[in-house]
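Below: the structure, in structure tokens.
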């Protein structure tokens with residue numbers, strides 16, 4: 001068994017009942033899918049989305065056992081002008097980081 005297998009997150013990043021990921025502010029998502037690292041490593045589900053906000057901010061959200069994410073804290077968030085990613089983010093943490101990115105000028 002793969003530790004912290006994230007295949008359950010496919011329903012969020014690649015839902016079958018809608019044409020976009022089931023994440024906050026989906027109108028700003030410009031790219032999404034399975035993360036290529038998961039194909040290379042075959043390690044239990046790796047996904048990504050990329051946001052571009054009117055403020056000019058670009059934000060990447062990834063999920064999978066090869067990233068700073070676990071079942072309880074599934075998101076790693078990288079904001080383009082910040083050095084280090086925000087690892088181990090909950091749904092609430094993700095919403096706060098995205099709201100801040102939207103508001104930045």
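Here is how the numbers come out for the structure above:
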| quantity | calculated |
| --- | --- |
| Residue exposure sequence - 86, 35, 8 - by fewest surrounding Cβ within 10 Å | 8, 86, 35 |
| Proxy reagent accessibility, fewest Cβ within 10 Å first, across 48, 68 | 68, 48 |
| Sorted by Cβ density within 10 Å, fewest first, the residues 67, 28, 53 | 53, 28, 67 |
| Estimated D of the chain in µm² per second, where Rh is the Kirkwood radius over Cα pairs and Stokes-Einstein applies at 20 °C, 1.002 mPa s | 156 µm²/s |
| Spacing of the two label points (7 Å from each Cα toward its C-beta) at residue 80 and residue 55, in nm | 1.3 nm |
| GNM result for the chain, Cα springs below 10 Å: residue of 72, 82, 31 fluctuating most strongly | 82 |
| Extension gain (nm, one decimal) between residue 22 and residue 73, 0.36 nm per residue minus Cα-Cα | 16.7 nm |
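No lab work stands behind these numbers, since they all come straight from the coordinates. Worth saying up front: this structure is predicted, and the values here are computed from it rather than measured. As a convention, Cβ positions derive from the backbone with ideal geometry for all residues, glycine included, and neighbour counts pool all protein chains shown.
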